[in-house]
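**Q** One structure follows; several queries about it will come next.
The values are calculated or read from the model by the stated rules, or taken from the named source; none is laboratory data. Everything quoted here is computed from the prediction, not taken from an experiment. Backbone-built Cβ (ideal geometry, glycine too); neighbour counts: all protein chains shown. Accessible surface areas use protein heavy atoms only, side chains included; no ligands, DNA or RNA. Shrake-Rupley method; radii C 1.70, N 1.55, O 1.52, S 1.80 Å.
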Amino acid sequence: IGGKEIEGAEIVVTDQDGNEIDSWISEKEAHIIKGLEEGKTYILHEKVAADGYVKASDIEFTVSMEKENEHIEMIDKIVKIVKKDLVTGDEIEGAKLQVIDENGNIIDEWTSTKEPHIVNGLEENQKYKLVEITAPYGYELTEEIEFVVTTDKETQKVVMIDKVVEVQKVDIDNNAIEGATLVITNEKTKNIVDK
């Protein structure tokens, strides 16, 4: 989307019957497609996107009868995942996150840092779920977020917000009690989470 050539994408051009006409791995320079005929329609297909980019939708094009060079442009976009604190709006470190496709396949998995994460392996027009597997210490586990990768040629941002877990021991009149020892356990495993 910035206008620079992207290296490392696997590209193929087929005719309308699915026959492969040309294939290559993108480089810093534009590729000259060989084997095309004037007046015929072809499909430009990205088999594998370059690392950090979304796989672009197919582009159908017809070679003109004009005797001039033609330029076909395929634009790859980026999807960023942002993990934020509800109160401060700051990036949260330490959350284990996954992006899962509609078939339940894990597309990308990482632990959040102070910077947004650029997701690998996504395709335009596809639906995904952002799932928090483990919340950072002191935060609640957030519900999953469904999102669709748009065909808009701009960076897409998906934001997941965590709430802080606050525990306070109070008496019947809602006054804080000091000196009590509290134990928090994992509901599923019954293991002690905090003391």
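**Q** Would you pick out the residues in the range 64-82 that are open to solvent by 40 Å² or more (accessible area, probe 1.4 Å) and under 16 Å from L130 (Cα atoms)? First the steps, then the outcome.
**A** Initially, the range 64-82 is screened for residues open to solvent by 40 Å² or more (accessible area, probe 1.4 Å), giving 65-75, 80.
Scanning the range 64-82 gives a single hit, K80.
**Q** Moving on. Do we find a residue being in a loop (DSSP other than H, G, I, E, B), without any contact (Cβ under 8 Å) to a residue 60 or more places away in the chain and open to solvent by 30 Å² or more (accessible area, probe 1.4 Å) anywhere in the range 151-163? It would help to see each step written out before you state the result.
**A** Step one: list which residues in the range 151-163 are in a loop (DSSP other than H, G, I, E, B), which gives 151-155, 163.
Checking the rest, the ones that are also without any contact (Cβ under 8 Å) to a residue 60 or more places away in the chain come to none.
The answer is no; no qualifying residue exists.
**Q** Tally up the residues in the range 46-71 that are modelled with pLDDT under 90 and of a type in the set (V, I, T), please.
**A** 0
**Q** From (1) of a type in the set (F, W, Y); (2) buried (at least 16 other Cβ atoms within 10 Å of the Cβ); (3) not in a strand (DSSP E or B), pick out the condition that doesn't hold for F147.
**A** With (1) of a type in the set (F, W, Y); (2) buried (at least 16 other Cβ atoms within 10 Å of the Cβ); (3) not in a strand (DSSP E or B) applied to F147, the lone miss is (3).
**Q** From I32, I100, grab the single residue that is more than 30 Å from T111 (Cα to Cα), out of contact with any His (no Cβ under 9 Å at 6 or more places or on another chain) and aliphatic (A, V, I, L, M).
**A** Working: I100 fails: more than 30 Å from T111 (Cα to Cα).
None of the other options fit; the residue is I32.
**Q** Also: Among the numbered conditions (1) part of a strand (DSSP E or B); (2) in contact (Cβ under 8 Å) with a residue 24 or more places away in the chain, tell me where E93 comes up short.
**A** In the conditions (1) part of a strand (DSSP E or B); (2) in contact (Cβ under 8 Å) with a residue 24 or more places away in the chain, E93 misses (1) alone.
One line per residue, one yes/no per condition, for (1) among the aliphatic types (A, V, I, L, M); (2) at pLDDT below 95:
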{"site": "I100", "(1), (2)": "yes, no"}
{"site": "I106", "(1), (2)": "yes, no"}
{"site": "K114", "(1), (2)": "no, yes"}
{"site": "N125", "(1), (2)": "no, yes"}
{"site": "E140", "(1), (2)": "no, yes"}
{"site": "E146", "(1), (2)": "no, no"}
{"site": "T150", "(1), (2)": "no, yes"}
{"site": "E154", "(1), (2)": "no, yes"}
{"site": "I161", "(1), (2)": "yes, yes"}
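**Q** In this structure, does D58 turn out to be among the charged types (D, E, K, R), open to solvent by 80 Å² or more (accessible area, probe 1.4 Å) and in contact with an Asp or Glu (Cβ under 9 Å, 6 or more places away or on another chain)?
**A** Working: among the charged types (D, E, K, R): yes; open to solvent by 80 Å² or more (accessible area, probe 1.4 Å): yes; in contact with an Asp or Glu (Cβ under 9 Å, 6 or more places away or on another chain): yes.
Against the criterion (among the charged types (D, E, K, R), open to solvent by 80 Å² or more (accessible area, probe 1.4 Å) and in contact with an Asp or Glu (Cβ under 9 Å, 6 or more places away or on another chain)), D58 qualifies.
**Q** Next question, about the same structure. Those residues that are assigned to a strand (DSSP E or B), over 10 Å from the mean Cα position of the chain (by Cα) and crowded, with 17+ Cβ neighbours inside 10 Å, I need them from the range 115-136; list them, please. Step through it out loud before you land on a result.
**A** Initially, the range 115-136 is screened for residues assigned to a strand (DSSP E or B), giving 117-118, 123, 127-134.
Checking which are over 10 Å from the mean Cα position of the chain (by Cα) leaves us with 127, 131-134.
Matches in the range 115-136: V131, E132.
**Q** Considering each of D101, D22, D15, D85 in turn, give the residue that is touching a residue at least 60 places away in the same chain (Cβ under 8 Å) and surrounded by 12 or more Cβ atoms within 10 Å (Cβ to Cβ). Reasoning before the result, please.
**A** Working: D101 fails: touching a residue at least 60 places away in the same chain (Cβ under 8 Å); D22 fails: touching a residue at least 60 places away in the same chain (Cβ under 8 Å); D15 fails: touching a residue at least 60 places away in the same chain (Cβ under 8 Å).
From the options D101, D22, D15, D85, the qualifying one is D85.
**Q** Could you please give the count of residues in the range 137-158 that are under 11 Å from the mean Cα position of the chain (by Cα) and among the charged types (D, E, K, R)?
**A** Adding up the residues that qualify gives 1.
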